[in-house]
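Report on the structure given below.
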Amino acid sequence: MELFKIPEKMKAMTLVAYDKLALAVVPVPVPGPGEVLCRIKAVAICGSDPKMIHGGYKFANWPPYYPFIMGHEWSGQVVALGEGVKDFVPGDRVAGEAHVGCGNCDNCKKGHYTVCLNYGKDGKDGGIDKRHRHYGFYWQGANAEYSVYKTSALHRIPDNVSYDVASMCDCAGVALHGVQLAGVSPAGTSVVIGPGAIGLCAMMECKALGTGRVIMIGRGSKLDKARELGADVCIDFEQEDPVKRVRELTNGIGADEVMECSGAMDSPMKACLMVKKTGAVAIIATYHNNEVLIPANTVNFNEIRIVGAKANPNVSDQVLNFLSSGAIRGEALITHTFPLEDYEKAVDVFEHKKDGSLKVVIHP
Ligand SMILES: [Zn+2]
Ligand SMILES: [Zn+2]
């Protein structure tokens, strides 16, 4: 067993008010029973991070307090164990999940722990601690040199996967959960709307799971990466009508399944109109406004199955294997890396898609 010297203090990037970040020196957290301390090696910035910084999750009470350490798409190394931990040892290389369910509610018992019925019940409001955690959203996250996690949030990284690539586990997992809920028709036609990081992962996963071809819908230069990573057909929705084009490409039948990863307000409507009768539409994206239109009669007449996909339950080991085999080309998603000190700059590059940015990774 490797022994690690743990300092008393660490650097952490903290949110101290909406749109105000500060690099701080704070105590290194101590793992409780069933928890481990991890040295964070890589944290990818998620689309939710700038939104949280700007106050876009006020309705969800994220962050719940200041100063708050965000960051949830991380990889690192186990360096110390809390009481009773037997399934990990110091030195283990791991990737983390943001969600840890209570483990006891009906949903958790069925494996649906990202929609735990005890969400947010951590005892901090004076109520009962149901042991639910959502790291980086209402519980301390990974934008720091160290963080503490329950072992159920952790997955071992295959030897040939770097920490940077392993930090794609969350993003690729969000895609895979949606792809699995929709289902991939062997040798069929899968459509992915939105060639961002999650959409690109969904595309590679549809291929790994045996689709016949993937049609990617996006616009302009954003489709270049999709082409590079193996999209069979790219449709630029500014140049042609994607619903019409998908129907043409499928002899009027429609696609077997559509993965909606764009978050554009009109995409769920288009997805339902381009999928075949009895096809599936996965809503993997989130929307600025909750009220999005769908063609309800078409959904009824055509028996379209619409599935919501919340985060990345039960997919991390598969995703890490895909990253290891190269089925998901994690390294191709990472365009920039920054030290923790440059977090604000990193968020700016990520959020405003500067310099062709896709996934931006922080090294605390
Ligand atoms: Zn994320
Ligand atoms: Zn639960």
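Within region 174-198, count every residue that is closer than 16 Å to ILE334 by Cβ and in a helix (DSSP H, G or I).
Within region 174-198, residues that are closer than 16 Å to ILE334 by Cβ and in a helix (DSSP H, G or I) number 3.
Looking at region 147-167, is at least one residue within 16 Å of ligand 1 (Cβ to nearest atom) and more than 17 Å from the chain's Cα centre (by Cα)?
Yes, the conditions are met somewhere in region 147-167.
Return yes when PRO158 is over 28 Å from LYS359 (Cβ atoms) and in a loop (DSSP other than H, G, I, E, B) and no when it is not. Steps first, please.
Details: over 28 Å from LYS359 (Cβ atoms): no; in a loop (DSSP other than H, G, I, E, B): yes.
Taking the combined requirement at face value, the residue does not satisfy it.
Restricting the search to region 306-326, which residues are surrounded by fewer than 17 Cβ atoms within 10 Å (Cβ to Cβ) and either of a type in the set (Gly, Ala, Ser) or in contact with a Cys (Cβ under 7 Å, 6 or more places away or on another chain) (or both)?
GLY308, SER325, GLY326
Could you please let me know if ASP129 is within 16 Å of ligand 2 (Cβ to nearest atom) and modelled with pLDDT under 95? If you could, list the steps in order and put the result at the bottom.
Values: within 16 Å of ligand 2 (Cβ to nearest atom): yes; modelled with pLDDT under 95: yes.
Yes.
Give LEU181, LEU176 a once-over and let me know the one that is within 16 Å of ligand 1 (Cβ to nearest atom) and either of a type in the set (D, E, K, R) or under 17 Å from the mean Cα position of the chain (by Cα) (or both).
Working: LEU181 fails: within 16 Å of ligand 1 (Cβ to nearest atom).
So the residue among LEU181, LEU176 that is within 16 Å of ligand 1 (Cβ to nearest atom) and either of a type in the set (D, E, K, R) or under 17 Å from the mean Cα position of the chain (by Cα) (or both) is LEU176.
Could you count how many residues in region 189-221 are among the charged types (D, E, K, R), surrounded by 24 or more Cβ atoms within 10 Å (Cβ to Cβ) and under 14 Å from SER262 (Cα atoms)? Steps first, answer last, please.
Of region 189-221, the ones among the charged types (D, E, K, R) are 205, 207, 213, 219.
Applying the additional criterion that residues be surrounded by 24 or more Cβ atoms within 10 Å (Cβ to Cβ) yields 205.
Still in the running and under 14 Å from SER262 (Cα atoms): none.
The qualifying residues number 0.
Could you check how many residues of region 325-345 are in a helix (DSSP H, G or I) and farther than 27 Å from ALA144 by Cβ? Spell out how you get there, then give the answer.
Here is the first cut: in region 325-345, the residues in a helix (DSSP H, G or I) are 325, 330-333, 340-345.
Applying the additional criterion that residues be farther than 27 Å from ALA144 by Cβ yields 325, 332.
Result for region 325-345: 2.
Could you list, in sequence order, all residues of region 222-242 that are surrounded by 19 or more Cβ atoms within 10 Å (Cβ to Cβ), in a helix (DSSP H, G or I) and among the hydrophobic types (A, V, I, L, M, F, W, C)?
The one that is surrounded by 19 or more Cβ atoms within 10 Å (Cβ to Cβ), in a helix (DSSP H, G or I) and among the hydrophobic types (A, V, I, L, M, F, W, C): ALA226.
Give just the number: which of (1) away from ligand 2 (no atom under 15 Å from the Cβ); (2) buried (at least 16 other Cβ atoms within 10 Å of the Cβ); (3) among the acidic types (Asp, Glu) does ASP87 not satisfy?
(2)
Say whether the condition of being out of contact with any strand residue (DSSP E or B) (no Cβ under 7 Å at 6 or more places or on another chain) and within 23 Å of ALA285 (Cα to Cα) is met by at least one residue in region 32-46.
Just the residues of region 32-46 that are out of contact with any strand residue (DSSP E or B) (no Cβ under 7 Å at 6 or more places or on another chain), to begin with: 32-33.
Right, trim to within 23 Å of ALA285 (Cα to Cα) and you get none.
Scanning region 32-46 turns up no residue that is out of contact with any strand residue (DSSP E or B) (no Cβ under 7 Å at 6 or more places or on another chain) and within 23 Å of ALA285 (Cα to Cα).
Condition first: within 15 Å of ligand 1 (Cβ to nearest atom) and without any contact (Cβ under 8 Å) to a residue 40 or more places away in the chain. Can you find one or more residues in region 23-30 that meet it? Step through it out loud before you land on a result.
First, pick out the residues of region 23-30 that are within 15 Å of ligand 1 (Cβ to nearest atom): none.
No, region 23-30 contains no residue that is within 15 Å of ligand 1 (Cβ to nearest atom) and without any contact (Cβ under 8 Å) to a residue 40 or more places away in the chain.
Scan region 261-281 and tell me whether some residue there is farther than 16 Å from GLY194 by Cα, in contact (Cβ under 8 Å) with a residue 12 or more places away in the chain and among the acidic types (Asp, Glu).
No, region 261-281 contains no residue that is farther than 16 Å from GLY194 by Cα, in contact (Cβ under 8 Å) with a residue 12 or more places away in the chain and among the acidic types (Asp, Glu).
Can you give me the number of residues within region 95-117 that are buried (at least 19 other Cβ atoms within 10 Å of the Cβ) and either away from ligand 1 (no atom under 16 Å from the Cβ) or in a helix (DSSP H, G or I) (or both)?
First, pick out the residues of region 95-117 that are buried (at least 19 other Cβ atoms within 10 Å of the Cβ): 95-102, 105, 108, 113-114, 116.
With either away from ligand 1 (no atom under 16 Å from the Cβ) or in a helix (DSSP H, G or I) (or both) added as a condition, the list becomes 101-102, 105, 108, 113-114, 116.
Counting residues in region 95-117 that are buried (at least 19 other Cβ atoms within 10 Å of the Cβ) and either away from ligand 1 (no atom under 16 Å from the Cβ) or in a helix (DSSP H, G or I) (or both) gives 7.
Is at least one residue of region 80-94 among the basic types (Lys, Arg), in a strand (DSSP E or B) and free of Cβ contacts under 8 Å to residues at least 60 places away in the same chain? Before you say what the answer is, go through the steps one by one.
To start, the set of residues in region 80-94 that are among the basic types (Lys, Arg) comprises 86, 93.
Among the residues that remain, those that are also in a strand (DSSP E or B) are: 93.
Applying the additional criterion that residues be free of Cβ contacts under 8 Å to residues at least 60 places away in the same chain yields none.
No, the conditions are met nowhere in region 80-94.
Go over the candidates GLY126, GLY120 one by one and state the one that is in a loop (DSSP other than H, G, I, E, B), surrounded by fewer than 16 Cβ atoms within 10 Å (Cβ to Cβ), out of contact with any helix residue (DSSP H, G or I) (no Cβ under 8 Å at 6 or more places or on another chain) and among the small types (Gly, Ala, Ser). Working first, answer last.
Working: GLY120 fails: surrounded by fewer than 16 Cβ atoms within 10 Å (Cβ to Cβ).
Checking each option against the conditions leaves just GLY126.
Would you mention how many residues in region 132-189 are hydroxyl-bearing (Ser, Thr, Tyr), more than 16 Å from ligand 2 (Cβ to nearest atom) and within 29 Å of VAL28 (Cα to Cα)? So that I can check it myself, show each step before the final result.
Step one: list which residues in region 132-189 are hydroxyl-bearing (Ser, Thr, Tyr), which gives 135, 138, 146-147, 149, 151-152, 162-163, 167, 185, 189.
So of that shortlist, the ones also more than 16 Å from ligand 2 (Cβ to nearest atom) come out as 146-147, 149, 151, 162-163, 167, 185, 189.
Filter once more, so that each one left must be within 29 Å of VAL28 (Cα to Cα): 146-147, 149, 151, 162-163, 167.
Matching residues across region 132-189 total 7.
The values are calculated or read from the model by the stated rules, or taken from the named source; none is laboratory data. Just so it is clear, the structure is predicted and the values come from calculations on it, not from any experiment. Every residue, glycine among them, receives a Cβ derived from its backbone with ideal geometry; neighbour counts consider all protein chains shown.
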